[in-house]
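Here, each number is a calculation from the coordinates, and none is a lab measurement. Predicted, not measured: the structure shown is a model, and the values here were computed from it. Positions of Cβ are backbone-derived with ideal geometry, glycine not excepted, and every protein chain shown enters the neighbour counts.
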Amino acid sequence: MSAERDPKQHTGSLRLLIALVALGLAFYWFGRRSSGPESGAPAKDFSLVVVAGSSERVSLADLRGRPALIEVVASWCGVCRRAAPVLAAAAQAPRQREVRFLAVSVDDDPNVARALAKDWHIPYDVAHDDGSFARNYRVSLLPTFVLIDAEGIVRQVATGAPSPDSVERWLSEVGAGRR
């Protein structure tokens, strides 16, 4: 009996392996892009406790009339930490119109969220999510960024650390470019 392999069997195994790798990459790529609400949809209402910043609570109603860029973060997320200076710089830049920046921490403990605001030098409100925001906004990856226009429509959704140019492009699309 020969120990040689049938070349057709080898080719079939290779094709199966390639198909499985391609399927895995597709799930990875499309899964990454699925965090957050759908662009063009009305933003879902929320009301969260602000743990660091200028107000006690923040809701979607509070954001109406001006664009809002919401960053969903956690203290243990290294990409979130790297993205924080980009958002802080954008928040402090002079704008053509007022923009509300908001960080929503999904950390279990509100005190950790409060410390995150201080440690990362976040110059805008940081709210603590009780689980409802991440659930209603379908956040599955961190950081997730959600840009809501002045009328309450979701205009941009992105994951990962954005470049300063990306943030400026998003804000320009809602009339809040740099002055």
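For this structure, a couple of remarks:
- Cut-off 18 Å (backbone N to label point 7 Å along Cα→Cβ of GLU38), residues of the stretch 124-166: 135-140, 146-149, 152-158
- By average C-beta atoms within 10 angstrom, highest first, the peptides 116-123, 38-45: 116-123, 38-45
- A crude spin-label estimate for the pair ARG179 and VAL79, with each label 7 Å from Cα along the Cβ direction, gives 3.5 nm.
- In nm, spacing of pseudo-spin labels at ALA61 and ARG97 (7 Å Cα→C-beta vector): 2.2 nm
- The convex hull defined by the C-alpha atoms of the stretch 90-155 has an orientation-averaged projected area of 5.2 nm².
- Separation in nanometres of the label points that stand 7 Å from Cα toward Cβ, at ASP45 and ASP119: 3.5 nm
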